[in-house]
1. Any residue in the stretch 138-145 that is farther than 21 Å from Gly99 by Cβ, of a type in the set (D, E, K, R) and assigned by TED's automatic domain parsing to the domain that holds Arg117?
2. Hey, Val183 hits all of (1) modelled with pLDDT of 90 or more; (2) closer than 17 Å to Gly99 by Cβ; (3) in a loop (DSSP other than H, G, I, E, B) but one; which does it fall short on?
3. Please find, among Gly164, Gly186, Gly123, Gly159, the residue that is touching a residue at least 24 places away in the same chain (Cβ under 8 Å), out of contact with any helix residue (DSSP H, G or I) (no Cβ under 6 Å at 6 or more places or on another chain), of a type in the set (Gly, Ala, Ser) and surrounded by 12 or more Cβ atoms within 10 Å (Cβ to Cβ).
Amino acid sequence: MANKKKNPPENTNAIWAAVITGIVTIIVTILGLPPLIEKIDSLLNPTATPTSTPPPTETQTSVPAPPFLETATQPAIIAFTDTPAIPAPPTLTPIPANGVMIAQIKSNYLDGKAPFRATFRAGSSYLTFQNSSVETCEFANVCSYTWDVREQNGPTIHGPVTGGSEFSYEFTKKGVFMVVVYVCRGQACNFTSVSVTAR
């Protein structure tokens, strides 16, 4: 007799995996149906059936606050602050046709023992024009100068004196003084000052 061997099924594992996957898919699909989900939910979470008696009326009762909340009398307030403002870009101011005066002052003494005489010069003041040209008062001789001397944060004690680009003054008493010069060329005027201390 011929030996007949039984060949084991080669695809048995694949068939069982397909069957199990199919069964699980069917169960998940059935359980996912909305009417079935509602029925299962009502069985697992029973609710009291409404009766014909009216619901009880609500009464207000005061519940004591926990001790850590008794001190709070007002709700917390959250304040919002604006972010720092971004500065506006600088604006360009056009230079007038008659120019802009830049007043400057120099002195041989800014500090000394009273009495002393100090000399002040403003000839290095200048004008700037729209076309970027510069005209120095010292060389053009077109600027006028008005000088005065003041007590610091006080009244004018000398002047105003109209004159040239050089001014001299004798400081005879102790104190701090301001020497001011107004420089003009036509309508273009400006001023500057310097502090002098007499000891």
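The values are calculated or read from the model by the stated rules, or taken from the named source; none is laboratory data. Values in this document were obtained by computation on a predicted structure and should not be read as measured data. Neighbour counts run over all protein chains shown; Cβ positions are idealised from the backbone, glycine included.
1. Looking through the stretch 138-145, none of the residues is farther than 21 Å from Gly99 by Cβ, of a type in the set (D, E, K, R) and assigned by TED's automatic domain parsing to the domain that holds Arg117.
2. Going through (1) modelled with pLDDT of 90 or more; (2) closer than 17 Å to Gly99 by Cβ; (3) in a loop (DSSP other than H, G, I, E, B) one by one, Val183 breaks only (3).
3. So the residue among Gly164, Gly186, Gly123, Gly159 that is touching a residue at least 24 places away in the same chain (Cβ under 8 Å), out of contact with any helix residue (DSSP H, G or I) (no Cβ under 6 Å at 6 or more places or on another chain), of a type in the set (Gly, Ala, Ser) and surrounded by 12 or more Cβ atoms within 10 Å (Cβ to Cβ) is Gly186.
Okay, residues lined up against (1) of a type in the set (Lys, Arg); (2) modelled with pLDDT of 90 or more:
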position	(1), (2)
Met101	no, yes
Asp111	no, yes
Ala114	no, yes
Ala118	no, yes
Arg121	yes, yes
Leu127	no, no
Asn141	no, no
Thr146	no, yes
